[in-house]
Amino acid sequence: MNILIKSAKIFNSTNKDIHLKTKDILVIDGIITKIADAITPEKETKVISKKNLCVSIGWLDTSVSFGEPGFEERETIANGLKTAAKGGFTDIILNTNTNPIPYTSSTIAFIKDKAKEQVTNLYPLGALTVNSETVDLAELYDMKNAGAVGFSDYKKPTSNSNLLKIALQYAQNFNALIYSFPMDTKIAGKGIVNEGVVSTGLGLKGIPSLAEELQIARDLFILEYTGGKLHIPTISTSGAVKLIAEAKKKGLDVSCSVALHNLLYTDEKLEDFDTVYKVLPPLRTKKDVTALVKGVKNGTIDFVTTDHAPLDIEQKKIEFDNAAYGTTGLESSFGILNSIFDTETAVELLVKGRERYGLQTPEIKEGNTACFTLFDNDTLHYVTKQTSISTAKNCMFYQEKLKGQVFGIINNTKLDIL
């Protein structure tokens, strides 16, 4: 397929010759063949021309859950990848909360096979421990050879310090990335929301910031001892930002992410007991939100993720204590980030992360394979239950006015345009 992108503002900070310039881009059979001020289309060329059209390299989300295998009613891999494409994502990292849990190379191979021939690429994580029971290490080396890009027991802390130590030491033999979810379960207890004024007023059991920060401090001490590559997903407190900043100053190989909703909302959203706002880690305080945003801006926080987690209606439309944790967010991500930050920063956050996972970073350059996200950075709109294509409808951003809209993606010689 021949595609001509007309008069698009290019966001590509690694190439100053075209960054923030308005150009035409010609793609023939998936290859960028020409970038110029004006290109005349030939026959049988699809022309993409839209008001305020912008283009960047394809976006990546480092924490996405679907359902398949095992929970297809929440989201199949095929529909989940279509949802990701609608949000502008050409690549996603898939979490390990499926059934069966992917702790063998055969399960990793199955997931990768199910994602073949899609416009959006899927890169699976493997479980760190057998059946994510946090007891025995899984077959990490075999899973890496099968295509796993990191190892995580989704939302399950590694309470055994020696297990994390061994994992970090062993994984260095094949340059693998080890996750550690930041929550001390003994401190968190039966808490379900942030511990503070709001939880006290609502009569809900709280998870103190200490639970997150104590676990991170322990993990960083272990990392300093062992070496290796550690990723701490979805931090939520100001203290966590400080701890990770100090670790990076020491030269430790640690990265971290923050969930989109923890940059936008505080625990005051819980005052109506709306379970759509029940997430883990929980929504925190204004002080935490301010520190997280600052951490993103100064680079302490490496990635912003949607932490997309589709759930059945029965898992959310119940009493607050028993409701499941999680929100969807793939279709809202750019509009939220573009409201919190300027467009350049928002795009930089959306394209980051491939190097950490050992993935090739695409470039907007003649002769390279086309991997684009097409968007408008100014239009105001809403994502609603009616317009969302995700099977699950547990999205906390449905009432949020979004700044900027995705037009589609070009990837794997395929075009997905809204």
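The values are calculated or read from the model by the stated rules, or taken from the named source; none is laboratory data. Predicted model, so just to flag it, every value in this text is computed and none were measured. Cβ placement follows ideal geometry from the backbone for every residue including glycine, while neighbour counts extend to all protein chains displayed. SASA here: full protein model, heavy atoms, side chains in, ligands and nucleic acids out. Shrake-Rupley method; radii C 1.70, N 1.55, O 1.52, S 1.80 Å.
Quick look at the values:
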| item | result |
| --- | --- |
| Flag for ASN15 being modelled with pLDDT of 95 or more, in a loop (DSSP other than H, G, I, E, B) and polar (S, T, N, Q) | no |
| Members of segment 56-99 that are in contact (Cβ under 8 Å) with a residue 60 or more places away in the chain, open to solvent by less than 10 Å² (accessible area, probe 1.4 Å), part of a helix (DSSP H, G or I) and more than 18 Å from LYS352 (Cα to Cα) | GLY80, THR83 |
| ASP376 being more than 30 Å from ASP312 (Cβ to Cβ) and either more than 16 Å from the chain's Cα centre (by Cα) or modelled with pLDDT under 95 (or both) | yes |
| Some residue of segment 389-397 being free of Cβ contacts under 8 Å to residues at least 40 places away in the same chain and either over 29 Å from VAL47 (Cα atoms) or open to solvent by 30 Å² or more (accessible area, probe 1.4 Å) (or both) | no |
| Segment 100-133 - residue that is at positive phi and open to solvent by 30 Å² or more (accessible area, probe 1.4 Å) and, of those, modelled with the lowest pLDDT | GLU117 |
| Pick from segment 329-344, criterion in contact with a Cys (Cβ under 9 Å, 6 or more places away or on another chain) and open to solvent by 10 Å² or more (accessible area, probe 1.4 Å), ranking: farthest from ILE77 (Cα to Cα) | THR343 |
| Candidate set from segment 254-306 (those that are assigned to a helix (DSSP H, G or I) and among the hydroxyl-bearing types (Ser, Thr, Tyr)); member that is least open to solvent (accessible area, probe 1.4 Å) | THR275 |
| One residue from GLY251, GLY227 being over 22 Å from the mean Cα position of the chain (by Cα) and open to solvent by 40 Å² or more (accessible area, probe 1.4 Å) | GLY251 |
| Residues of segment 166-184 satisfying the condition of being in a helix (DSSP H, G or I) and more than 16 Å from ILE232 (Cβ to Cβ) | ILE166, GLN169, TYR170, GLN172, ASN173, PHE174 |
| Which numbered condition PRO233 fails, given (1) over 20 Å from the mean Cα position of the chain (by Cα); (2) open to solvent by less than 30 Å² (accessible area, probe 1.4 Å) | (1) |
| Test: residue in segment 27-43 that is under 19 Å from ASP376 (Cβ atoms) and in contact (Cβ under 8 Å) with a residue 60 or more places away in the chain | no |
| Filter result for LEU415 (surrounded by fewer than 16 Cβ atoms within 10 Å (Cβ to Cβ), in a strand (DSSP E or B), modelled with pLDDT under 95 and in contact with a Gly (Cβ under 9 Å, 6 or more places away or on another chain)) | no |
| Of residues in segment 345-388 being assigned to a loop (DSSP other than H, G, I, E, B) and charged (D, E, K, R), the one surrounded by the fewest Cβ atoms within 10 Å (Cβ to Cβ) | LYS385 |
| Long-range neighbours under 7 Å by Cβ, at least six apart or interchain, first residue over 15 Å from GLU366 (Cα atoms) and open to solvent by less than 10 Å² (accessible area, probe 1.4 Å) within segment 3-22, second of a type outside the set (D, E, K, R) and not in a loop (DSSP other than H, G, I, E, B) | ALA8/THR22; ALA8/ILE25; ALA8/CYS54; ALA8/VAL55 |
| Breaking point among (1) part of a helix (DSSP H, G or I); (2) open to solvent by less than 20 Å² (accessible area, probe 1.4 Å); (3) farther than 14 Å from LEU280 by Cβ, for ALA217 | (2) |
| Residue match in segment 23-30 (condition: farther than 19 Å from SER152 by Cα, surrounded by fewer than 15 Cβ atoms within 10 Å (Cβ to Cβ) and not aliphatic (A, V, I, L, M)) | yes |
| Sole residue being over 24 Å from ALA127 (Cα atoms) and out of contact with any helix residue (DSSP H, G or I) (no Cβ under 7 Å at 6 or more places or on another chain), chosen from LYS249, LYS269 | LYS249 |
| Subset of segment 193-212 (residues that are under 18 Å from LYS156 (Cα atoms) and surrounded by fewer than 21 Cβ atoms within 10 Å (Cβ to Cβ)) | PRO208, LEU210 |
| Members of segment 309-325 found to be touching a helix residue (DSSP H, G or I) at 6+ places or on another chain (Cβ under 8 Å) and either among the polar types (S, T, N, Q) or surrounded by 13 or more Cβ atoms within 10 Å (Cβ to Cβ) (or both), listed by number | PRO310, LYS316, PHE320, ALA323, ALA324 |
| Filter result for LYS393 (over 23 Å from THR345 (Cα atoms), under 19 Å from the mean Cα position of the chain (by Cα) and among the charged types (D, E, K, R)) | yes |
